[in-house]
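J.: Submitted below is the structure of interest, expressed as structure tokens.
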Amino acid sequence: MEGLDALKISEEKKKYIVDNLNPLLEEMVAECIHRMPDDPVPFMLEWLEDKKVTDENKLLAPEEKERLEAENKGLEAEIAKVKSQLQEASKMAAVQQQPEEEEEEEDDEDDEPPPDFGKPQPSRARTSVSAEAYGEWNTKKTFVPPVITKTDEQKDRLKATLTNSFMFANLEPNDLNIVIGAMKEVQVAVDSCVINQGEQGDFLFVIESGKFDCIKDDVVVKTCQTNDVFGELALLYNCPRAATVKSKEQGVLWQLDRETFNAIVKEAAQKKRQRYDAFLAKVPLLSSMDAYERSQLADALRSESFGDGQVIVSMGENGQKFYIIEEGQAVATKNGNQVMSYGVGDYFGELALIRNQPRAATVTCKGSAKMLSIDKASFHRLLKVNDLLERSSKYS
Ligand code: CMP
Ligand code: CMP
């Protein structure tokens, strides 16, 4: 203030400096001294811009804030849509640019098991999902899927494996071709560790043949077999490997890289797991399942719609599916008499699968309803059949 007094300017200007300029400049200079940027000018410009936005925000009425936030969300969704369209376009372009005759070897050690099989890949920034998304959007790289040369015989084997694997079975033909092109065959000897718990991972695997133990903290938590997928968690959630996976016998795997998985398979796989997880967690029959078991079940589910009065299973018929009611109601009848009524979260159709006998009752829809169905093989592998057998003593 001493210096100010000496200035030959009006009192009004002095007041303006004291009230308006000084607090702002002091704050900015303090921040600049604290951060010591190499070039203070852009730093200060950015600081002022941020300050302006923060101050304006404070002045906004709550409704206006809400409106702007909604507008922002809309814009973000628009960006995401454009981004996915770009990705789609680049996939198409890549496919068109790489007809099969001109396939490039992505890796010249194609016929041998890679030396780094199951080991973490050289470090790549994988700090968080948002960092990954930012990187993708901001920098580079339209996704160009790897194309690994295969014989027709290999392609046929791979196609058969993928079309019977829940995670890949519903891919569009074009996407399926890209995945087939990108996958790499890996021959595995008995007792080989394909994945090590705690390591970083950049591949998932689909089993063509062989049995593989998933071992978590020295306990075998699951044994995977033909058409099963493992190694997907590290890719879905950007986390270290949740279990060690070791071959129990000689086998054949197909390995898919993280980028192709992210671009083509991840979204649908994640959506399906998320869509059913909360529902399955509330189904009393499944209450003892852990999250991983529920995710496996979610992969195997099919949602089927039925109209009022429609018969879902018929007494005396051969049974191929087990059902859980997702929406609506149903009734079970035996020889015209109602023996059971069902609501959301209830199940039926287990007896024929457990006992290998014809359907013991007819189940009919009451109003329109949605059923989650599970095929016989998945039913036996993914559900605790003994629990169901115990519960079946309730039937008269
Ligand atoms: P990921 O974590 O990438 O690598 C180890 C894999 O083991 C994991 O993905 C799953 O595919 C598989 N796995 C099987 N059972 C389990 C389980 N109970 N918990 C976690 N992972 C499991
Ligand atoms: P499932 O025999 O596969 O197909 C018909 C289903 O009706 C049966 O399994 C049970 O889930 C269900 N159900 C309900 N009540 C009865 C009952 N009293 N006896 C047999 N099945 C019943």
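The values are calculated or read from the model by the stated rules, or taken from the named source; none is laboratory data. A quick note: this is a predicted structure, and the numbers were derived from the prediction, not measured. Using ideal geometry, Cβ is built from the backbone for each residue, glycine included, and neighbour counts are taken over all protein chains shown.
J.: Restricting attention to the range 146-200, which residues are within 18 Å of GLU232 (Cβ to Cβ) and assigned to a loop (DSSP other than H, G, I, E, B)?
T.: Let us first name the residues in the range 146-200 that are within 18 Å of GLU232 (Cβ to Cβ), namely 158, 161-171, 175-176, 178-180, 182-184, 186, 188, 193-200.
Listed by number, the residues that qualify are ASN164, SER165, ASN170, LEU171, MET183, ASN196, GLN197, GLY198, GLU199, GLN200.
J.: For residues that are out of contact with any Leu (no Cβ under 9 Å at 6 or more places or on another chain) and surrounded by fewer than 20 Cβ atoms within 10 Å (Cβ to Cβ), tally how many sit in the range 258-274.
T.: Of the range 258-274, the ones out of contact with any Leu (no Cβ under 9 Å at 6 or more places or on another chain) are 259-260, 263, 267, 271, 274.
From the residues that got through so far, the ones that are surrounded by fewer than 20 Cβ atoms within 10 Å (Cβ to Cβ) too are 259, 267, 271, 274.
Qualifying residue count for the region: 4.
J.: When residues of the range 296-337 are filtered for being near ligand 2 (Cβ under 9 Å from one of its atoms) and exposed (fewer than 13 other Cβ atoms within 10 Å of the Cβ), how many remain?
T.: The total comes to 1.
J.: Collect the residues in the range 368-381 that are touching a strand residue (DSSP E or B) at 6+ places or on another chain (Cβ under 9 Å) and more than 11 Å from ligand 2 (Cβ to nearest atom), keeping them in residue-number order.
T.: The answer is SER368, ALA369, LYS370, MET371, LEU372, SER373, ILE374, ASP375, SER378.
Yes or no, residue by residue, for (1) in a loop (DSSP other than H, G, I, E, B); (2) within 16 Å of ligand 2 (Cβ to nearest atom); (3) of a type in the set (Phe, Trp, Tyr); (4) touching a Gly at 6+ places or on another chain (Cβ under 8 Å):
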{"site": "GLU259", "(1), (2), (3), (4)": "no, no, no, no"}
{"site": "ASN262", "(1), (2), (3), (4)": "no, no, no, no"}
{"site": "VAL265", "(1), (2), (3), (4)": "no, no, no, no"}
{"site": "ALA269", "(1), (2), (3), (4)": "no, no, no, no"}
{"site": "TYR276", "(1), (2), (3), (4)": "no, no, yes, no"}
{"site": "MET289", "(1), (2), (3), (4)": "yes, no, no, no"}
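J.: While we're looking at this one, here's another question. Just to be sure I understand, how many residues within the range 178-215 are among the small types (Gly, Ala, Ser) and within 11 Å of ligand 1 (Cβ to nearest atom)?
T.: Taking the range 178-215 and keeping what is among the small types (Gly, Ala, Ser), we get 181-182, 189, 192, 198, 201, 209-210.
Those still in the list that are within 11 Å of ligand 1 (Cβ to nearest atom) too: 198, 201.
Final tally of qualifying residues: 2.
J.: Can you list residue pairs whose Cβ atoms sit under 8 Å apart, with the first residue in the range 314-334 being within 12 Å of PHE348 (Cβ to Cβ) and touching a residue at least 60 places away in the same chain (Cβ under 8 Å) and the second being more than 8 Å from ligand 2 (Cβ to nearest atom) and β-branched (Val, Ile, Thr)? Count only pairs 6 or more apart in sequence or on different chains.
T.: PHE322/ILE374
J.: Let me ask something else about it. Given the conditions (1) more than 16 Å from LYS394 (Cβ to Cβ); (2) within 7 Å of ligand 2 (Cβ to nearest atom); (3) not hydroxyl-bearing (Ser, Thr, Tyr), report the number of the one that MET340 does not fulfil.
T.: Single failed check for MET340: (1).
J.: Among the acidic types (Asp, Glu) and part of a strand (DSSP E or B): is that true of GLU326 in this structure?
T.: For GLU326, the condition - among the acidic types (Asp, Glu) and part of a strand (DSSP E or B) - is met.
J.: Would you check if THR244 is under 17 Å from the mean Cα position of the chain (by Cα), among the polar types (S, T, N, Q) and crowded, with 20+ Cβ neighbours inside 10 Å?
T.: When the stated conditions are applied, THR244 does not pass them.
J.: Within the range 346-367, is even one residue surrounded by fewer than 19 Cβ atoms within 10 Å (Cβ to Cβ), charged (D, E, K, R), away from ligand 2 (no atom under 13 Å from the Cβ) and modelled with pLDDT of 95 or more?
T.: Yes, because at least one residue in the range 346-367 is surrounded by fewer than 19 Cβ atoms within 10 Å (Cβ to Cβ), charged (D, E, K, R), away from ligand 2 (no atom under 13 Å from the Cβ) and modelled with pLDDT of 95 or more.
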